[in-house]
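Working notes for the structure below.
The values are calculated or read from the model by the stated rules, or taken from the named source; none is laboratory data. A quick note: this is a predicted structure, and the numbers were derived from the prediction, not measured. FYI the Cβ positions are ideal-geometry reconstructions off the backbone, even for glycines, and counts take in every protein chain you see.
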Amino acid sequence: MSAKQFSARIDTPSKLTETKEICQAAFARQKSRFLVCAGTGCVAMGSLQVLAEFKRLIAERGLDVDIELLFEGHEAKTAVSFSGCHGFCERGPLVRFEPLGIFYTKVKKTDVAEILEAALDNGTVVERLLYQDQDGNRCLTEHDVPFYKGQQRIALERCGATNPEEIREYFAQGGYQALAKVLSAYAPEQVIEAVDNSGLRGRGGAGFPTAKKWAFCRAASGEPKYMICNCDEGDPGAFMDRSVLEADPHAVLEGMAIAAYAIGATKGYLYVRAEYPLAIARLQKAMEQAQQWGVLGENIMGSGFSFNPEIFHGAGAFVCGEETALIASIEGWRGFPRIRPPFPAIKGLFGKPTVINNVETLANLPHILLHGEAQFAAVGTERSKGTKVFALTGKLRNTGLVEVPMGITIREVIFDIGGGTSEGTKFKAVQIGGPSGGCLPEELLDLKVDFDSLRSAGSMMGSGGMVILDETSCMVDIARYFLEFTSHESCGQCTPCRDGVYQMLQILTDITCGKGRPEDLALLEEMGRTILAGSICGLGKTAPNPVLSTLRYFRHEYEAHILEQSCPSLSCKELIAYWIDPDKCKACGQCRKACPAEAIIGEKKVAHVIEQSKCNKCGICLETCPDKFSAVSKITGRQKDALLVGA
Amino acid sequence: MPTSPEASEQKLEHVFSRFKGERKELIPILQTVQEMFGYLPEEALKEVARFTSVSESQVYSTATFYAQFHFKRRGKHNIKVCCGTACHVRGAAPLLAAFERELGIECGATTDDFEFNLERVACVGSCALAPVVMVDDSVFGLMETKRVSECLVPKGVDNE
Ligand SMILES: Cc1cc2nc3c(=O)[nH]c(=O)nc-3n(C[C@H](O)[C@H](O)[C@H](O)COP(=O)(O)O)c2cc1C
Ligand code: SF4
Ligand code: SF4
Ligand code: FES
Ligand code: FES
């Protein structure tokens, strides 16, 4: 049974409204549906197999109805479709049963038959697949799960709730209405004014007011103007842009078209990282559909306005996330940032006025223009409006993507939404803002999350990476880690960034190896200040932040490394040793057999000993020693010196 | 891939037919050439220079700036161990070491049979599943050192 595809060319705003109604009616004929998450995270956990099983079993029950038939008035008892990321990938694969919103986690292919039976035959729920909160309660829908309760979703509104490869679903949910409204009722200046009133600031890192940037570009002379969406997402620990692109690509395209109209651009690029193949595929598909329907491309919805964006595949350079480097890269050169001014809004791509906005910034626009700038401005703080998406990762219970109102405290994000640190370990710090951000200690947990508060505490909003560190994470090592990253990614033009960051890295490496000197700390601070002052782009200007912030809040850890040859977190390899407690060792021999370096000596009934000169500190013995003995431990500093005398 | 000069030339002509030869196409051209050959052979770089009227040194300079481009023959499958922040704090380093041991090569190298490359990347965008390994386009999440060999069978995880 094949049906004619419902498709039309939308050439007036009223045609869009008509299409919306047709699509809404058609999807309403689906009495229920299973929405399987097919974001990168869930796919990695096997969600495509789950999706295939749903399709197979629904077909077997004779319930399979071609989506096109819905448009011809047929009904479907149930259906299966897929969505993008819900943000809770750690519990994936996720399946949502609509319209009830029943939220299944960690679904396996073998669970599908049971889910179908419960939903379709018995009207029950498969309890064991529901999320269980810390008190042991099962949560029926996403709204009951603590991870989602504290969130407020604007940019992620449709992520996980819609099929990203089906533009008709986007229409049904009010898609492209904001663009239609803008094209038919607003002059470009009015769009800029509305966005100005909303208070929207860029989500790509610096928090620059979006309307201001647009106004500069609108006023600048030069044709054609360009609208670029920055999808380079280089912060190593953030994935909100990827999720939005995969889960709701039309929102980004619609936002981009609105921005293009405001600044007067007819051409544009989406600069996407090479590591995001699925995001590229979804975008490509969304663009083709939008063009075919007439909501993107030439003469959009009959308005006379045309906008034709292209996808540019990044070639793997973090610095290309910086706007001037990104421009150089599209032009076909090395990704070298250049001195600003002139700002890209005046002189950008191919020398023409250009606006570059981040994915999340753009994804907020349809909402702002459709629901009114006042509604958006009512969320957040005085100077940071709306919400921000954070990637919560590291040592905490619930990792994933969360969208929260600006002004929420760090504590609420980590403990109420994130569920606190994992497995009874103790919170130590939170790293916010990636390589340009800083580490904040427990005392600052009640700090408000907004652009200005974070900056005054020595961190940065950055792209919104939030890495939770517990007592097993060494702060010197974290600082060293970020410097290794920035040193590797420095483009090399500015001496302070190229050589300074490298020298700071050498000093930090020495400290983590126990070769630090007391005067190093002041030296690091001085170098940090010089690099901040002497670099032309944001990479160099913020590279010392991870070091400066850890020196500010965790100086005692640096001092322990330098003065006592001790890594209090037992993490720096050079400063720790593995040691078998002779009083606890029962001579079971398991560690001896497991040690890849043959470094453990011992025999039956004789407590085992590690030959330190042979040990490569792989930690396998610690993992192998049975829990009931727990004879192997890591030691450092004075304790290590005392226990290993003569060893 | 060791192909005959004629075959290479044909492949390049095929790539070039999709472009105009403008400077701004340089990176997409290099990407397409690399897709064809698996890396950027010296001869191909020369041809790209001729086609785009950009000097050879400029082509080389641009290509070497980007981590994506390779100048030596590569393995069939690409293993990327994520060493982004989220993965770093959840044990990316021992995981990378385990891959080095399993494949008998260092990070950045290719196995002798040209089956695998091993490299580190900074974040593949699946941080909630840290530590993460990407093999070609498949992502393996919540990795453990003992699951290393699973990734070397070039197919996705079977969810059973
Ligand atoms: C080294 C460096 C890397 C950056 N990486 C990104 C990125 O991956 N994504 C992004 O949107 N902005 C990134 N930015 C910020 C951009 O330069 C630019 O400010 C931003 O895309 C503007 O968009 P917005 O105004 O919507 O925030 C980076 C900046 C620097 C200095
Ligand atoms: S600050 Fe660093 S990355 Fe930025 S332009 Fe200078 S050298 Fe390049
Ligand atoms: S840490 Fe590794 S090498 Fe050292 S003794 Fe234990 S198992 Fe052997
Ligand atoms: S990919 Fe499914 S929740 Fe993120
Ligand atoms: S840090 Fe490894 S996937 Fe993001």
Helices (runs of 4 or more DSSP H) fully within region A:181-293 counting 1 or more residues that are within 14 Å of chain B (Cβ to nearest Cβ): A:240-247, A:277-293
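This table checks each residue for (1) crowded, with 19+ Cβ neighbours inside 10 Å; (2) within 16 Å of ligand 4 (Cβ to nearest atom); (3) away from chain B (no Cβ under 14 Å).
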{"site": "A:PHE554", "(1), (2), (3)": "yes, no, yes"}
{"site": "A:GLU559", "(1), (2), (3)": "no, no, yes"}
{"site": "A:PRO568", "(1), (2), (3)": "yes, no, yes"}
{"site": "A:TYR578", "(1), (2), (3)": "yes, no, no"}
{"site": "A:GLN590", "(1), (2), (3)": "no, no, yes"}
{"site": "A:LYS593", "(1), (2), (3)": "no, no, yes"}
{"site": "A:GLU598", "(1), (2), (3)": "no, no, yes"}
{"site": "A:ALA607", "(1), (2), (3)": "no, no, yes"}
{"site": "A:LYS614", "(1), (2), (3)": "no, no, yes"}
Mind telling me which of the residues A:LEU63, A:LEU69, A:LEU156 ends up being closer than 30 Å to A:GLU18 by Cβ, among the hydrophobic types (A, V, I, L, M, F, W, C), touching a Ser or Thr at 6+ places or on another chain (Cβ under 6 Å) and more than 16 Å from ligand 5 (Cβ to nearest atom)? A:LEU63
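Is it the case, given these coordinates, that B:LYS72 is surrounded by fewer than 17 Cβ atoms within 10 Å (Cβ to Cβ) and either modelled with pLDDT of 95 or more or in contact with a helix residue (DSSP H, G or I) (Cβ under 7 Å, 6 or more places away or on another chain) (or both)? Explain how you work it out, then say what you get.
Working: surrounded by fewer than 17 Cβ atoms within 10 Å (Cβ to Cβ): yes; either modelled with pLDDT of 95 or more or in contact with a helix residue (DSSP H, G or I) (Cβ under 7 Å, 6 or more places away or on another chain) (or both): no.
No; evaluated as a whole, the condition is false for this residue.
Look through region A:592-609, keep the residues that are outside any loop (DSSP other than H, G, I, E, B) and in contact with a Lys or Arg (Cβ under 8 Å, 6 or more places away or on another chain), and return whichever of them is nearest to ligand 3 (Cβ to nearest atom). Give the steps one after another, and end with the answer.
Here is the first cut: in region A:592-609, the residues outside any loop (DSSP other than H, G, I, E, B) are A:592-594, A:600-601, A:609.
If we keep only those that are in contact with a Lys or Arg (Cβ under 8 Å, 6 or more places away or on another chain) too, we end up with A:600-601.
On the way: A:ILE600: 5, A:ILE601: 10 Å.
Among those residues, the one meeting the criterion is A:ILE600.
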Just to confirm my filter: which helices (runs of 4 or more DSSP H) fall fully inside region A:522-566 and include at least 2 residues that are of a type outside the set (D, E, K, R) and farther than 30 Å from A:ILE635 by Cβ? A:538-542, A:545-553
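From the list A:THR141, A:THR124, pick out the single residue that is in contact with a Phe, Trp or Tyr (Cβ under 8 Å, 6 or more places away or on another chain), surrounded by fewer than 16 Cβ atoms within 10 Å (Cβ to Cβ) and in the same structural domain as A:CYS89 (by TED's automatic domain parsing). Spell out how you get there, then give the answer.
On the way: A:THR124 fails: in contact with a Phe, Trp or Tyr (Cβ under 8 Å, 6 or more places away or on another chain).
Only one candidate passes the filter, namely A:THR141.
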Of B:ALA7, B:ALA93, B:ALA97, B:ALA67, which residue is surrounded by 13 or more Cβ atoms within 10 Å (Cβ to Cβ) and more than 16 Å from ligand 3 (Cβ to nearest atom)? B:ALA67
Consider only pairs whose beta carbons are under 8 Å apart and that are at least six residues apart or on different chains; among these, list those whose first residue lies in region B:79-90 and is more than 7 Å from every other protein chain (Cβ to nearest Cβ) and free of Cβ contacts under 8 Å to residues at least 40 places away in the same chain and whose second residue is part of a strand (DSSP E or B) and within 16 Å of ligand 1 (Cβ to nearest atom). B:CYS83/B:VAL121
Given the criteria surrounded by fewer than 23 Cβ atoms within 10 Å (Cβ to Cβ), more than 16 Å from ligand 5 (Cβ to nearest atom) and in a helix (DSSP H, G or I), does B:PHE51 qualify? yes
Report the residue count in region A:147-178 for those that are among the hydroxyl-bearing types (Ser, Thr, Tyr) and either within 16 Å of ligand 2 (Cβ to nearest atom) or in a loop (DSSP other than H, G, I, E, B) (or both). 2
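Here's the yes/no breakdown for (1) more than 16 Å from ligand 4 (Cβ to nearest atom); (2) buried (at least 23 other Cβ atoms within 10 Å of the Cβ); (3) over 30 Å from the mean Cα position of the chain (by Cα):
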site: A:SER487; (1), (2), (3): yes, no, no
site: A:CYS491; (1), (2), (3): yes, yes, no
site: A:LEU508; (1), (2), (3): yes, yes, no
site: A:ALA522; (1), (2), (3): yes, no, yes
site: A:GLU526; (1), (2), (3): yes, no, yes
site: A:LEU532; (1), (2), (3): yes, no, no
site: A:GLY538; (1), (2), (3): yes, no, no
Matching residues, region A:454-468, being surrounded by fewer than 23 Cβ atoms within 10 Å (Cβ to Cβ) and either outside any helix (DSSP H, G or I) or at pLDDT 95 or above (or both): A:ALA457, A:GLY458
Condition (residue is within 24 Å of A:THR472 (Cα to Cα), among the polar types (S, T, N, Q), modelled with pLDDT under 95 and in contact with a helix residue (DSSP H, G or I) (Cβ under 7 Å, 6 or more places away or on another chain)) applied to region A:600-618: is it met by at least one residue? no
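If you check A:ASP446, A:ASP510, which single one turns out to be assigned to a loop (DSSP other than H, G, I, E, B), farther than 22 Å from A:GLY316 by Cβ and out of contact with any Leu (no Cβ under 7 Å at 6 or more places or on another chain)? Please lay out each step first, then the result.
Details: A:ASP510 fails: assigned to a loop (DSSP other than H, G, I, E, B).
Answer to the selection: A:ASP446.
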Any residue at all in region A:433-442 that is assigned to a helix (DSSP H, G or I), free of Cβ contacts under 8 Å to residues at least 12 places away in the same chain, closer than 28 Å to A:ILE531 by Cβ and not assigned by TED's automatic domain parsing to the domain that holds A:GLU322? no
For residues in region A:37-65 being in a loop (DSSP other than H, G, I, E, B) and in contact with a Pro (Cβ under 8 Å, 6 or more places away or on another chain), which is farthest from ligand 2 (Cβ to nearest atom)? A:GLY46
List every residue pair whose Cβ atoms lie under 7 Å apart, where the two residues are 6 or more positions apart in sequence or sit on different chains, the first residue falls within region A:492-520 and is within 14 Å of another protein chain (Cβ to nearest Cβ) and β-branched (Val, Ile, Thr), and the second residue, located anywhere, is within 16 Å of ligand 5 (Cβ to nearest atom) and in a helix (DSSP H, G or I). A:THR512/A:ASP477
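So, in region A:481-507, exactly how many residues are in contact with a Gly (Cβ under 6 Å, 6 or more places away or on another chain) and within 16 Å of ligand 5 (Cβ to nearest atom)?
0
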